[in-house]
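One structure below.
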Amino acid sequence: MHKNWKAGLLTIVFGVFTLFLVACSSGDENEATSQPEGESTTGGGVLHIGLSSNAATLDPTLFTGAYESQIIRSIADTLMVYSKDLQSFTPSLATEWEAADDMMSYTFKLRDDVHFQPGEYQDGRLMTAEDVKYSLERSAENSAQNRLAGVESVEVTGEFEVVLHLEEPNSAILAMLTDPGNSIIPKEEVEGWGDQFGAHLVGTGPFMLEDWQTDQQVELVKHENYWGEEPNLDGVTFKFITEDAMMTNALRSGDIDIATNIKGQNRAVIEQDGNLELRSTPGLSITYLDMNYKQGPTADPKVREAITKATNIEEIVQGVHQWGGGTVAYGPLPKGSWGYDASYESVRPAYNPEEAKEILDQTEYAGGFEIDLYVLESRQNYATIFQNQMKENLNIDVNIKVSEWGTLTDTISKNNAPMNIGGWAWYPDPYFFLNPRFHSNQQGSNGNGKGYENEKVDKLLDKALTETVDQAERSALYKEAVTEIMNDYATIEFDNLDISTGINPKVKGFHLSPDNSISIVSPNGINVSIEE
């Protein structure tokens, strides 16, 4: 199964994590509640949440959108979840886990008191290791987004114990297991419903699927036999509101309690409404400009260095995010990743157009040149500001090539883009940001279409993935790799997009996570309530 799993992982990036393309304000507003998270003032009530896209399916294996994952997360559970700060893992259906010495397998001990929600084909029976084997192997074999690549098989070694056998050592496997696509589900319901299972999801989570009104909303009710802390709410309703202004208006009118994906001028509308709160936090995302490492002017490292030092990143971020919604990025890891290090801020070269011109004049491209920049229409504003800076500072004529998604990815992956602007968002584990974009074995993919290659970086990334599961050791290796990457001037990171929500203050205990996950009740201490 999935012998080329590293390349396969790349398919997730732009499909699942469009969720990160949201907005921001300053400060740590996501903790600005009058009541600690998880503490209830009054029980009951139904929480109404606005999602910016419709859901097509809730089948963990088949879903492709972040908005669908938000609903799945409240119905079904994974073996583990991230801690609220995304720096470690918290037990969920698994109570503990351990990697083998050769890192070719992981053993998981499971809870013995977990019951599925009652469904059409089972009555709420006990979850066992057989269910974990079935669910994870189903994902490894059939996931539309390759969410469990690299798993060879799952072995049941006891009624409440399983062993995951891997195709090769992989310390990032635990991050994959937090994905809602790897939720544990009952075989009877999947086989009984067949192609319709995605409209009748059954899991072990705090809420059960009650009703789905196509293109309108999904209603969930409390699972009375939930294994974890009893939910404070009687139910949750997810409403699909695809137009930005309508989302804001629905929050202001009281039709929803939480509005997601708040951006642009709607940020100011909510901020200025005394009855609402705008909460924002830097997300796990990077917007960047890649330079072709193999051919054209930017194959010369001096040209790449000149372009980097002639780029005023602060001006670009301020121009793109005039209403807020993005913060300056320092290197290829977002600040929400546990691998981020403050030292990157000093490694990134300062804006210095005079020095940049002197560096360019040392090359055969002295006096400027012409180059194409490929970009999606949604990121054209970044390209326009960058274009002006290059003309003013280095007399480089940047031709902006606005492309649709298919053309853009095809051009990039074939190393035919002299420059391109893209976005990357994924799990907190540095592997998911660094390997796809900078490992030489990803040349020919959308992530490393620039053709970046550095033998030292390859060795550091390989060692961090295959030789240790210790987070401190991996972090040190990634720090060395990032420093090397930044000194090669292969890419210019512009910003971290922010996760932003509008919220009614009567909602208590809501945690705004940098990974944009919406958790209503979670083993990591979250239990949302409504104060009437």
(1) over 21 Å from the mean Cα position of the chain (by Cα); (2) crowded, with 18+ Cβ neighbours inside 10 Å; (3) assigned to a helix (DSSP H, G or I) all hold for Ala464 apart from (1)
Would you be able to say whether some residue in region 353-370 is surrounded by fewer than 16 Cβ atoms within 10 Å (Cβ to Cβ), within 25 Å of Glu404 (Cα to Cα) and of a type in the set (D, E, K, R)?
yes
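Let's see how each residue does on (1) farther than 16 Å from Leu136 by Cβ; (2) touching a residue at least 24 places away in the same chain (Cβ under 8 Å):
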position	(1), (2)
Ser74	yes, yes
Thr78	no, yes
Ser83	yes, yes
Ser92	no, yes
Glu96	yes, no
Ala100	yes, no
Lys109	no, yes
His115	yes, yes
Gly119	yes, yes
Out of Asp462, Asp429, I need the residue that is more than 27 Å from Ala310 (Cβ to Cβ), out of contact with any Gly (no Cβ under 7 Å at 6 or more places or on another chain), without any contact (Cβ under 8 Å) to a residue 24 or more places away in the chain and not hydrophobic (A, V, I, L, M, F, W, C). Which one?
Asp462
Just to confirm my filter: which strands (runs of 3 or more DSSP E) fall fully inside region 57-148 and include at least 1 residues that are in contact with an Asp or Glu (Cβ under 8 Å, 6 or more places away or on another chain) and β-branched (Val, Ile, Thr)?
105-110
Looking at Asp458, Asp470, Asp429 in this structure, which one is surrounded by 24 or more Cβ atoms within 10 Å (Cβ to Cβ) and of a type outside the set (S, T, N, Q)?
Asp429
Matching residues, region 478-532, being part of a helix (DSSP H, G or I), surrounded by fewer than 22 Cβ atoms within 10 Å (Cβ to Cβ) and of a type outside the set (Ser, Thr, Tyr)
Lys479, Glu480, Glu484, Met486, Asn487
Could you tell me how many of the residues in region 115-135 are in contact with a strand residue (DSSP E or B) (Cβ under 7 Å, 6 or more places away or on another chain) and closer than 17 Å to Thr95 by Cα?
7
Scan of region 179-223 for residues that are over 15 Å from Met127 (Cβ atoms) and polar (S, T, N, Q), ordered by number
Gln196, Gln213, Thr214, Gln216, Gln217
Which residue pairs have Cβ atoms under 8 Å apart, sit 6 or more places apart or on different chains, and have a first residue in region 238-259 that is in contact (Cβ under 8 Å) with a residue 24 or more places away in the chain and a second that is part of a helix (DSSP H, G or I) and among the polar types (S, T, N, Q)?
Phe238/Gln70; Asp244/Asn266; Met247/Asn266; Thr248/Asn266; Ala259/Thr248
Kindly evaluate Asp234 against the criterion of being of a type in the set (Asp, Glu), surrounded by fewer than 24 Cβ atoms within 10 Å (Cβ to Cβ) and closer than 30 Å to Thr327 by Cα.
no
Selection count where residues are in contact with a Lys or Arg (Cβ under 8 Å, 6 or more places away or on another chain) and either within 18 Å of Glu96 (Cβ to Cβ) or hydrophobic (A, V, I, L, M, F, W, C) (or both), scope region 160-181:
5
Could you tell me how many of the residues in region 274-299 are acidic (Asp, Glu) and in contact with a Cys (Cβ under 8 Å, 6 or more places away or on another chain)?
0
Can you tell me which of (1) in contact with an Asp or Glu (Cβ under 8 Å, 6 or more places away or on another chain); (2) surrounded by 24 or more Cβ atoms within 10 Å (Cβ to Cβ); (3) not hydroxyl-bearing (Ser, Thr, Tyr) is the one Phe207 doesn't meet?
(1)
For region 70-89, which positions are of a type in the set (S, T, N, Q), within 15 Å of Ser183 (Cα to Cα) and surrounded by fewer than 24 Cβ atoms within 10 Å (Cβ to Cβ)?
Gln70
Do we have any residue at all in region 198-207 that's polar (S, T, N, Q), under 13 Å from Leu58 (Cα atoms) and modelled with pLDDT of 95 or more?
no
Could you tell me whether region 472-495 includes any residue that is within 19 Å of the chain's Cα centre (by Cα), of a type in the set (Asp, Glu) and modelled with pLDDT of 95 or more?
yes
If Asp257 satisfies all but one of (1) surrounded by fewer than 24 Cβ atoms within 10 Å (Cβ to Cβ); (2) within 22 Å of Ile520 (Cα to Cα); (3) in contact with a Lys or Arg (Cβ under 8 Å, 6 or more places away or on another chain), what's the number of the condition it fails?
(1)
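The values are calculated or read from the model by the stated rules, or taken from the named source; none is laboratory data. This is a predicted model, so every value here is computed, not measured. We place every Cβ from the backbone using ideal geometry, glycine too, and count neighbours over all the protein chains shown.
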